1. Could you sort the residues of region D:47-75 by number and keep only those whose accessible area is reduced by 30 Å² or more in the all-protein-chain setting relative to the chain alone, 1.4 Å probe?
2. To the nearest hundred square angstrom, how large is the accessible surface buried between C and D, total for both chains, probe 1.4 angstrom?
3. Please report, as a whole percent, how much of the solvent-accessible surface of chain A comes from carbon and sulfur atoms (probe radius 1.4 Å).
4. Sorted from shortest, what are the nm distances separating the label point of residue A:145 from equivalent points in the other copies, each placed 7 Å from Cα along Cα to C-beta?
5. Kindly report the accessible area of the protein assembly as shown per residue (heavy atoms of protein chains, probe 1.4 Å, no ligands, DNA or RNA), in Å².
6. In sequence order, what are the phi-derived ³J(HN,Hα) couplings for region A:128-134 according to the Karplus relation 6.51 cos²θ - 1.76 cosθ + 1.60 with θ = phi - 60°, rounded to whole Hz, with x for glycine and proline?
7. How much net charge surrounds residue D:148 when only other residues with a Cβ under 9 Å from its Cβ are counted (Lys, Arg +1; Asp, Glu -1)?
8. Other chains near C:181-189: what is the mean number of their Cβ atoms within 10 Å of each residue's Cβ?
Protein chains: 4
Amino acid sequence: MASSRLEAFSDGVMAVAITLLVFNLKIPDLATTNLADDLGSHWPSYLAYLISFVTIGIMWVNHHTLFDKVAQVDRTLLFTNLALLLGVATLPFTTALAATWLLSSHGRETAVLVYCITLFAISSVFTLLWWYLLRHEHLLEQQHLKVPKTALRRSLAGPVSYAVVTLIALAAPLAAFALCGVVAIYFVLPSRTTRAAGADDPQRPS
Amino acid sequence: MASSRLEAFSDGVMAVAITLLVFNLKIPDLATTNLADDLGSHWPSYLAYLISFVTIGIMWVNHHTLFDKVAQVDRTLLFTNLALLLGVATLPFTTALAATWLLSSHGRETAVLVYCITLFAISSVFTLLWWYLLRHEHLLEQQHLKVPKTALRRSLAGPVSYAVVTLIALAAPLAAFALCGVVAIYFVLPSRTTRAAGADDPQRPS
Amino acid sequence: MASSRLEAFSDGVMAVAITLLVFNLKIPDLATTNLADDLGSHWPSYLAYLISFVTIGIMWVNHHTLFDKVAQVDRTLLFTNLALLLGVATLPFTTALAATWLLSSHGRETAVLVYCITLFAISSVFTLLWWYLLRHEHLLEQQHLKVPKTALRRSLAGPVSYAVVTLIALAAPLAAFALCGVVAIYFVLPSRTTRAAGADDPQRPS
Amino acid sequence: MASSRLEAFSDGVMAVAITLLVFNLKIPDLATTNLADDLGSHWPSYLAYLISFVTIGIMWVNHHTLFDKVAQVDRTLLFTNLALLLGVATLPFTTALAATWLLSSHGRETAVLVYCITLFAISSVFTLLWWYLLRHEHLLEQQHLKVPKTALRRSLAGPVSYAVVTLIALAAPLAAFALCGVVAIYFVLPSRTTRAAGADDPQRPS
C-alpha cells in the first residue's frame, strides 16, 4: 500500500477525534442561576480540551513528518499505525475522564494517570515506528534514508517526557496534568528537530 | 509541509464540526402533547444551527482562498492554522450554548457573548494569517505575491464586524445574535473581494 | 475554485452525516426484561436508519455525477452546494424525529412531514443545480456541455416524488414514510438516466 | 465513476465509524466511590472497543486491497459497497449493545448474536464483491485480472469464521465474543493472502 492511502485514513481518524473533543464541554442547563460563574467553574474541561486539541494537532504533524519519508507501507507498519490511531481515538474518552475528575479529592490520581498513560503509549508508538523504519530502510524514499537515525533519537523526547509526567501523576495529579500542557507547548515551539527535518526535506509547491 | 496536506486535514475538521452542529437540535420526547408547537418553540436552535452552518461554510471558503495562494507551510502557519481549527471545532459547543440560553431572561448576555467572541477570535486568526503571509512572501506561490496586501485589508471586515457585534451583545444579546446571521449573509453575497481574488487566480478545469 | 475541492469537502460532510445516523439506534438498558423483544419493538428506528442511509448514499452518487461535469465552481454554485449540505447534515435529526414519533398516535403527521419536506428540499436543490449549470455552460467541462439539459429533466423525478410523498404524509404518515423507502429503492435500481449518463461519460482507469 | 472517488468516501465513513466507537466508553460520574474499581468493572466495554477497532481497521485494509484492483466502478459495485458501509457504520451500535449486555445473565445471547451477525454480514459482502469482480473482469485493471479468483477463495475465511462464531453465540455468548477478537488477531497476523496479493501488486513510491 502506498503511504498516501494510509495518511488519508489517518488524517480522517485524527480530524474526527480532534473535533469530538468538543463533546467534553457541557452546556449548563437553564436551572443554573449564574451562567458566567457556572461556565467558569468548568475550567478543567476547557484546559483539558485545549491540551488534548494541541496534543492531537502535534501528533498529526509528527505523523505526516514520518510518513512523508515512507515510500511503501508493509503489514507491520499498517497495524502499528492502527495502534497509534487507537490511542488517538481514545483521547476524547481519557480527556473527558481527566476533566470530570480533576477537581475531585478522590479518584483524580486514577483519572490523570489514565490520561498520561494514553499519551505515553501514543508517543511510544511513534518511537517504535521510527525504530522499525531504521531497521527496514527499503520502505523509505531514497532521499530520506538517513532520517530515521536522528528522528528516532529525537522522538524519544515524547515517551521520556510522558513517562516522567505519569510518575508525577501518582503523587501530584494536578501538576502532572499541567505538565501535559507544558509538554504540548514545548513541542509546538520551533525546535532543532523540525529545522533539521525541514532541511532534509525541502518542500516544493504542491 | 505542502499546503495540500494541511488543507485536507482542515477540510476534515471543518466537515466534522459543521455536521456535529446537528446535535444542537433535540428530539422532543413522546410525552410532548403538541409536537408541532414544541418544535416551533425551539426556533432559537434552528436559527443558531443555520447561522453557524453558514458561518463555518464561509470559513471553509476563506480557508481555501488563503491556502490556495500558499506554496509551503512553515511551523508558524501550521500552528496558527491549528488555532483556527480550535475555534471552528468549538462552534458546536458555543452554538448550543447560545441556542439554549437565547430566550432565558438571565444569562443570555453571557451565552451570546461567548458565541460572538468565538467568531471574533476565528476571524482575527484569518487576518493574522494574511498578515503573516504578507511578511513571509517566500511561502507564497509566485503568481500570488500581491494577494496578501489587498486580502489583509479586506479580511479586517471580519474581526471589525464581530468586535462591533460583541459590544452590542453586552447590551442587546438578541440583536447581536441576529447580527451574526446578517454578517454571514453579507459574506455569502458576492463582493468585490471575491471577484478580485477570482481575477487574480484564474481556475483551470481540475 | 476547482470542483475537486468542493467535492472533497462535500464527501466529508456526507460521510459524517451518514455515519451519525447510527446515534438514532438506542441501546436498551439493563432493566429491560426481554432484550430481543425490546430491540424488535424499535423497528421504526431501524427502518428510518436504513431509508436515510440509502438516501444519503444516493445523494452522494448524484452529487458526484453532477460535479464530475463541472470544471469550475463559481460563488453561486458554492453556496447552493452549501444549502444542499445543510439539508443532508440535518437528516440525522429529521430521521431520529420520524423514528421516535412514527408509532405515536399524535404528532406522527408532523414528524413524517418534517422528514419528507427535508428530502423534498434536498432533491429540489439538485434540480436547481442542474438548472443553473444549463444557464452557465462556461462552468462545465467541454465534453459535458449537453448533459445538463437531459439531467435537469430527469432530476425532476426527485422533487416531484417527494412533493407527492409530502402530500400523502398529511393524511397517511406511515404510508408516506414507507414511500420514502420505495423512492430510495427506485433510485438504487439501474435506470435509463444512469446508463445515458454513463454513455456520455466513459470512465477511464484512475 | 473512478474507484478513487468511492475509496475516498468509504475511507471517510470508516474513519468516522472507527472513531465513534469511543462513545461506547462511559465516564463514571463523581458519585462513584472508587474510580479505579469502577473503570475496571467496565472491561467488557474496553474489550468490545478493542475488537471492533481492530476489526474495522482490517476491513479498511481489505477494502483498499480490493478497490486497488478495480479500474471502474459500476452501479452494482457502488451499491454493494454502500451495503458494506451500512454494516461498518452500524458497528458503533452493535458494539455498544454487546458491551452493555455482555455480563448480564439474560439477554447477552441476543446482544452477542446481533454483533456476530453484523460481522458475518459485512464479511459476506466482501466475498460477494470479489465474486462480482470475478464475473465482471472488465471492471478490473489489466494487470489484476487473475486476482479475484484466488482472492474470492481466501475471502471465504471471513464469512465462514463468523458463521461458526454466530452459531457458538447461541450457546456460549462470552466464548463467541472472545472468538471475534481471536478472528481479528488472526487477520492482523501476516498471511499467505497478503504476501500473494503484495507480490501481485508491487507498490511504487507515491
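The values are calculated or read from the model by the stated rules, or taken from the named source; none is laboratory data. Quick caveat: nothing in here was measured; it's all calculated off a predicted structure. Every residue, glycine as well, gets a Cβ built from its backbone with ideal geometry; the counts of neighbours run over all protein chains shown. What goes into the accessible areas is simple: the full protein's heavy atoms, side chains included, and nothing from ligands, DNA or RNA. Shrake-Rupley method; radii C 1.70, N 1.55, O 1.52, S 1.80 Å.
1. Residues meeting the cut-off: D:49, D:53, D:60, D:61, D:64, D:71, D:72, D:75.
2. Heavy-atom accessible area buried at this interface is about 3300 Å².
3. 65 percent
4. With the label placed 7 Å along Cα→Cβ, residue A:145 yields 3.8, 3.9, 5.4 nm.
5. Numbers: 33570 Å² over 824 residues.
Heavy-atom accessible area per residue stands at 41 Å².
6. Here the 3J(HN,Hα) series is 4, 4, 5, 4, 5, 5, 4 Hz.
7. Overall, the nearby charge balance is +3.
8. Neighbouring Cβ atoms belonging to other protein chains average 1 per residue here.
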